[in-house]
Amino acid sequence: MRLHVPFLQLPLLFDAAQLRDEMTALGEAAWRDHPSKYPGNYSLPLVAVDGDPENDEVAGVMLPTPHLERCPYLMRVLEHIGAVWGRTRLMKLAPGAEVSAHVDINYYWREHIRVHVPIQTSPSVRFLCGDAEVNMQAGECWIFDTWRPHRVINEGKRERVHLVADTVGGDEFWKIADRARVPGSAMASGWSPHEFRNDESTADPPQLLLERFNVPLVMTPWELREHLQFLFAHVVRDPHVPMVQQAASRFAASWHALWARFGAMPEGWPLFASLRDGFDAWLGQNAEPVRLANGMPFLATVRSMILKAAMTAETDGRSSAIVAAAAPRAKPPVPSREGDPAEIARPVFIVSPPRSGSTLLFETLATSPDLCSLGDESHRMLEAETARGLLSAMARGYESNRLEAADATPAIIEELRTRYHARAFDRDGRHHPGAIRLLEKTPKNALRIPFLSAVFPDASFVYLYRDPRAVMASMLAAWESGRFRTYPDLPGWPGPPWSMVLVPGWRELAGKPLPEIVAAQWSTTTRILLDDLEALPSGRVHALRYESFVADPDAQIRRLCEALGLRWDRTLGRNLPTARYTVTPPRAEKWRDRVQEISPLLPRIAAEQEHAERQLQEWMHRKTPAGVT
């Protein structure tokens, strides 16, 4: 929570010796490594989701762990502070260890306060927040501004242990906080902490106020707007801000419209998720330069604080608290698979190297009355959500974005098909509970054809070929724009920040000029893509040349739809609208602006280009109607 000052000392003083005795009685076996594995940092859970000391999540029904139930005085301390408690732990910092500088930007910390009661400490422990520093004495009670950069350093020779309790407050708590003091300021006359002694305890068991509802199934539009207003009040002035603010306002208005139709009902979940994911993708392309006054990136913060929590209803494995509002102690409903994996029948995947024009083809083809789509690329769903992120490049050691057929386990197949179906909608924005034909376009899928074919055995693949000179010119512009950074902190990569698809062998490109990196991205992607398509049964591959498509879009899209068995009921003009991810306005022969960078690279990609031209002609003549060029 943001405070107006870095630190506040509450007017409370507890018996540190008794707290230390209860802590010691728990034994060393109760301690566990810090969930983030920070060196020298350890935790002992006291209040956790469902009372499970192994659960370090912040969302769910909070209950005392068996450890807390063995600490009657500690429970009295929490009761006396008068707050509604969320996750609560003892936190240990070894001699010489530190909690590195960070800012708490996620949804949980937007309204939660962190209460510290030192149990074992020394004068050499430094707690820094913003430009302020304090040494918290044993038994005191403190809160601080988690919105500012903060860190803790244990320069002493003994372990530092604090009771660290998270709360959204409470009526009694705020009365106490009203009498807090700012360290270093002139104290009000007679200010002194109230000493909470043992004899103040009663025979009645302590009554702790604990969280049960802390993350929304679907965030209300009023809460969504309040969070957005908070962030925009803290942005640093930048030319990108007005555009981002306008997009956020439109997003909030669209969210409100969905809320008016569905509230938090399951029928609306796919539409909420699609709207969120579309806004997230737009931000990823446009909001990266925006910063907050506390030094944090706006993009990372809005994702962590708002988008991740705005729509949690479809999350698997959620704790009982999150679903309690809809069905206590049960998982949220997901669209039923009515008897047959053909719920998604004959999906269509557009595959090509990045910057080949696949977005333009996708946005056009998505207006067929027979197709449903997510409305945008599915990076986040496939990499961050499916199988709890096990398909992401990070989880796979950053080898590449390549996925093989063996990666499609039965559980992943079921989960991915369910996720696609739950979020797909037709051209009119409607979700269909029965069988659908899915249209999907994500550039990384060029390296995932065996995987996608295993998940969708009846899928068709549309290979979109574009003059590699134009593609490489567009890829250079994309890298330089900073709008397509997929792995900005890629381990072992010296820079520039990695953009677009992560190809096998990327480490060998370290230190190379950007044009050589781009040429390797194109050639590697093309080689793998073509080999994988050639391995498929003959009727499942279709091809289209980008230049022919933009020259005569209506004829080309009609012939492609005929080849795919799709209806087409619209007439396209001679000029297609600009696709959403365009970096600079389209122009014929635009690649010639960079001919000096591109021409030396053409011999390096000649083999892959010849292979692509040969296969393009074969697939067009074998699998598409005459006239598609």
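The values are calculated or read from the model by the stated rules, or taken from the named source; none is laboratory data. Everything numeric here is computed off the predicted structure, so don't read it as measured data. Heads up, the Cβs are rebuilt from the backbone with ideal geometry, glycines too, and the neighbour counts pull from every protein chain shown. The area values use the complete protein model at the heavy-atom level, side chains included, leaving out ligands, DNA and RNA. Shrake-Rupley method; radii C 1.70, N 1.55, O 1.52, S 1.80 Å.
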Seminar exercise, completed: Note to self: with every protein chain in place and a 1.4 Å probe, the stretch 373-482 gives an accessible area per residue in Å² of 32 Å²
Seminar exercise, completed: Quick calc: nm separation of the 7 Å Cα→Cβ label points for residue 249 and residue 396 -> 4.2 nm
For this session: Name the helices (complete DSSP H segments) of the chain with a Cα length along the long axis of 27 Å or more and a Kyte-Doolittle mean of at least -1.0, or state none.
Result: 241-262, 514-534
Exercise. For the chain, rounded, prolate or oblate, judged on the Cα gyration tensor with a ≥ b ≥ c (square roots of eigenvalues), a/c < 1.5 rounded, else prolate if a/b > b/c?
Worked result: prolate
Seminar exercise, completed: Percent antiparallel among DSSP beta bridges confined to the chain, rounded to 5, stands at 75 percent
Problem set entry | Mean residue ellipticity (222 nm) of the chain, computed from DSSP H runs ≥ 4 via -39,500 (n - 2.57), nearest 500 | -10000 deg cm²/dmol
For this session: Note down, for the stretch 3-106, the three equivalent ellipsoid semi-axes (square root of 5 times each alpha carbon gyration tensor eigenvalue), biggest first, whole angstrom.
Result: 20, 19, 17
Exercise. Using the per-residue mean of other Cβ atoms lying within 10 Å as a proxy for protection, in what order, highest first, do the peptides 32-44, 155-167 fall?
Worked result: 155-167, 32-44
Exercise. How many lysine pairs does the chain hold where the Cα atoms are under 26 Å apart and the two sit 8 or more places apart or on different chains?
Worked result: 13
Exercise. With the contact rule set at Cα under 8 Å and sequence spacing of 6 or more, what percent relative contact order holds for the stretch 1-90?
Worked result: 26 percent
Exercise. Can you give the charge dipole size of the chain about its Cα centre, rounded to the nearest 20 debye, using +1 on the beta carbon of Lys and Arg and -1 on the beta carbon of Asp and Glu?
Worked result: 1520 debye
Exercise. What number comes out for the charge environment of residue 83, summing +1 per Lys or Arg and -1 per Asp or Glu over other residues with Cβ under 13 Å away?
Worked result: -3
Exercise. Rounded if a/c is under 1.5, else prolate if a/b is larger than b/c, else oblate: which is the stretch 526-565, with a ≥ b ≥ c the root eigenvalues of its Cα gyration tensor?
Worked result: oblate
Problem set entry | the stretch 464-516 - percent of accessible surface contributed by carbon and sulfur, probe 1.4 Å | 50 percent
For this session: Determine the shape class of the stretch 28-183: with a ≥ b ≥ c the square roots of the Cα gyration tensor eigenvalues, call it rounded for a/c under 1.5, and otherwise prolate if a/b is greater than b/c, oblate otherwise.
Result: rounded
For this session: Report relative contact order for the chain in percent, whole number only (criteria: Cα-Cα under 8 Å, sequence separation at least 6).
Result: 12 percent
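What accessible area per residue, rounded to a whole number of Å², is obtained for the stretch 110-167 using a probe radius of 1.4 Å?
That works out to 33 Å² for each residue.
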Exercise. Counting only protein heavy atoms, what percent of the accessible surface of the stretch 42-101 is carbon or sulfur at a 1.4 Å probe?
Worked result: 53 percent
Problem set entry | Cβ-defined net charge surrounding residue 599, 12 Å radius [Lys, Arg +1; Asp, Glu -1] | +3
Seminar exercise, completed: Counting sequence-distant residues (5 or more places) and residues on other chains, those with an amide H built under 5 Å from that of residue 85 are 209, 210, 211
